[in-house]
Ligand SMILES: C[S@@+](CC[C@H](N)C(=O)[O-])C[C@H]1O[C@@H](n2cnc3c(N)ncnc32)[C@H](O)[C@@H]1O
C-alpha cells in the first residue's frame, strides 16, 4: 500500500470539487474504485477487483449495519473488549471497515482519538465526525502509515484474508509498544445445542477431514462455506486458531472470549432472545451474498442450484432454528513494551459465554408446530374427500 494510492473518501466529494493539490494518480484511483462489477444482479468492488467474493451493494450495506448492532449487543453495547484507555487512545485503525459504522461510532465515543477505516470498497458515508476518515486500501499490500496506532480493530474478515500471519505481522509492526489488536470473528459451521447428532466437528479443517453433511440446512451452509473457502485459501475456522498465530507474531496478554449467537429466540434470557432475533435476520439477509460468489465460482454450482439450496436454509430459519448457534470469538492481544519479560504460560486466556435453551419456549413452539401439522393434514384429508366426490354431486 502506498499512501498516494489512497482515496480519502472522508474529505473528497468525488467530483468537480477536487482541489488542485489532488494528484492525478489519486484522481484516477478515485474514479476507478467506483467502476463496480455486476454479476447475478449483485454489485462487487472494483479496487483489487475479484479479490473479495461478497457484494458491496445496498442490501449488503444494510446487512453489515444490522450485523454491527448484533456485535455490539454481544458485548453488552461495547465496540471492543480490549482493555485500552478510553480517555487516552489516540490513533485507531479499523481494517476492512465496510460501511465504516464501527469506526464512526468509535470516533464519536472517543473524541480525542483519530480513527482511520480502510476498505476495498468506497461504501462509507461522506458526513463524518471530524476525527474519522476512510481510505480505499488493500490490506494485503504493504502498510505504510505515517504514525503507529494505539489500537487496531478488524471484524468479520474471515472471507477477506488468506494470509493471517502476514496481517498479524503488519498489525504488530504498526502498533505502538503497549498497543492492542482486537479481532472479532465468526467460526463456521454453526452448531446445535439441543440435538448434538446434527453437529459436525468444529476443530478440524474441511480439507483435512471432510465430514458428512449435517441434516440441518444451516449447519450445511457453514459446511459448504468452509469447503469452498478452503479450496481458495480462506479459513472459516481461523477464529479458533488465533492464539498460536498471535503468539508467533509476538503478541502478549492474548485473550479470547467465546460468544455464542443463537439463531432465533430459542435461548434463555432477554439478551439472548434479542441477540437470536438479530443473528437470524443477519443470517437470512446475508445468505445470498455469502454464497453466490463462492458456490458458483468455487464449487461450480449454478445460480439455480444456489437458490434451491438457500430456500431450504431460509425455511429452517423461519421455522425457528431450534438449538442452532453460531460461534463468534473476540480476541485481543497486546504488543509488548521494549524489554518486557514475556511469561509463556500467561500469554493466552479464554472465557466461555454460556448458552441455555429456553425449555418453555421450545415446548410451546413444538406444540404449535404439531397443531399446525395436524391442521394441514385435516385440510389435505378434506381436499381429497372433495376430489373423490362424483362431479355431478356438487
Ligand atoms: C464482512 S465485511 C466486514 C466489514 C466491517 N469490518 C464490519 O464488521 O462491519 C468485510 C469487509 O472487508 C473488506 N475487505 C475484503 N478484503 C479486503 C482487503 N484485502 N483489504 C481491505 N478490505 C478488505 C470488504 O470490502 C468488506 O467491506
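None of the figures in this text is laboratory data; all of them are computed from the coordinates on show. What you see is a predicted model; the values in this text were computed from it and never measured. Cβ placement follows ideal geometry from the backbone for every residue including glycine, while neighbour counts extend to all protein chains displayed.
Details
- In this structure, residue 162 and residue 389 have a Cβ-Cβ separation that, at R0 = 56 Å, corresponds to a calculated FRET efficiency of about 0.30.
- Ranked 308, 252, criterion: other C-beta atoms within 10 Å, fewest first: 308, 252
- Seen from a random direction on average, the alpha-carbon convex hull of the stretch 96-150 projects onto 3.9 square nanometres.
- More than 15 Å apart - percent of Cα-Cα pairs taken over the stretch 120-160: 60 percent
- GNM on the chain, alpha-carbon springs under 10 angstrom: the most fluctuating residue among 231, 335, 63 is 231.
- Exposure proxy shown here: for 180, 224, the number of other Cβ atoms within 10 Å sets the order, fewest to most, as 224, 180.
- Highest-fluctuation residue, 276, 233, 98 considered, GNM on the chain with Cα pairs under 10 Å: 233
- Among 364, 227, 373, residue whose mean-square fluctuation peaks in a GNM of the chain (springs only between Cα atoms under 10 Å): 373
- With Cα atoms as the point set, the chain shows a radius of gyration and Dmax of 23.8, 97 Å.
- The chain: relative contact order as a whole-number percent, Cα under 8 Å and 6+ apart: 17 percent
- Förster radius 51 Å - calculated FRET efficiency between residue 374 and residue 146 (Cβ-Cβ, nearest 0.05): 0.15
- Using only the C-alpha atoms, the convex hull of the stretch 169-322 corresponds to 140 Å³ per residue.
- Prolate/oblate/rounded call for the stretch 84-215, Cα gyration tensor, a/c under 1.5 rounded: prolate
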